[in-house]
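Remarks on the structure that follows.
We did not get these values from a lab; they are worked out from the coordinates using the rules stated. Because the structure is predicted, anything quoted here is derived from the model rather than measured. Cβ: placed from backbone, ideal geometry, glycine included. Neighbour counts: every protein chain shown.
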Amino acid sequence: MSDRTERLIQIFIDSFLPLLKAGVAFTIPLTLISFAIGFALAFLTALARLSNWKVLNGIARFYVWVIRGTPLLLQLFIIFFGLPSIGIVIDAFPSAVIGFSISVGAYGSEIIRAAILSIGKGQWEAAYSVGMTRSQALRRVILPQAARVSVPPLGNSLISLLKDTSLAAVITMPEMLQKAQQITAVYYEPLLLYSEAGLIYLLFSTVLSNLQRRLEKRFERFSAR
């Protein structure tokens, strides 16, 4: 084994734990918190898009249009670097949470809206026939069925969000990619260290993918009954 090979192996071993710690301490929490807030925002936005109240519907449409039509990186720059110019200073982690949450909210709202619309009108009519109000029909009949439809695309959104958190490195967020950049500046082995970071992202994504498949099977089992 050559000296360079031994050096690369040692760098890989020495850097693995710091990268993993950055992923566990920052990347995973940022992903889960942003997705939870974004999902709540997506659900409310989807309901607003389906509302007959034109003002509420218009606001929701405008929000989705703006967020889907501009780059996520630009949104993070506006929140972290732009808002201080008008006196609004937000730390890196909250800025990242806000940016990722509003992005998940916009894209997730279209997933949830499409899932609700995929449920046939007969389900609404059946709910009304037994005396349910619109809100009761939505809560007890439509949403449980829409949840099963929306799990796969929402799961994909969560995995995409996990990878998108790497963008937080540009606003000084000490997540995994920034940690890889810091270690690279010491050892000057970008291919090795960025590949190692990619391996850890892949590990996290695989875990989330497995959880998604289990959740899908659970919904399938319930629907079979």
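Miscellaneous remarks
- Two-site FRET efficiency, L44 against V24, from Cβ-Cβ distance with R₀ of 35 Å, rounded to 0.05: 0.70
- Full-extension gain in nm, I90 to I13, via 0.36 nm per residue minus C-alpha separation: 24.2 nm
- For q = 0.13, 0.14, 0.21 Å⁻¹, Debye-computed log10 I/I(0) when each Cα of the range 135-225 counts as one equal scatterer: -0.60, -0.65, -0.99
- Total charge dipole magnitude, the chain, about the Cα centre, Cβ charges on Lys, Arg, Asp, Glu only, Debye to nearest 20: 1300 debye
- Correct option for log10 I(q)/I(0) by the Debye sum over Cα atoms at q = 0.07, 0.16, 0.17 Å⁻¹ [calculated from the coordinates] among [x] -0.31, -1.11, -1.19; [y] -0.22, -1.05, -1.15; [z] -0.19, -1.08, -1.24: [x]
- Note on S209 and T133: their simple-model spin labels are 4.5 nm apart, each label 7 Å out from Cα toward Cβ.
- Across the chain, the relative contact order, built from alpha-carbon pairs under 8 Å that are at least six residues apart, equals 28 percent.
- Ranking I200, I142, A60 by Cα position along the charge dipole of the chain, where only Lys, Arg, Asp and Glu carry charges on their C-beta atoms, puts I142 farthest toward the positive end.
- Mean Kyte hydropathy of 1.6 or more with a Cα span along the axis of at least 24 Å, helices from DSSP in the chain: 28-50
- Entry note, the chain: the mean residue ellipticity at 222 nm calculated from DSSP H runs of n ≥ 4, each adding -39500 (n - 2.57), is -26000 deg cm²/dmol after division by the residues and rounding to the nearest 500.
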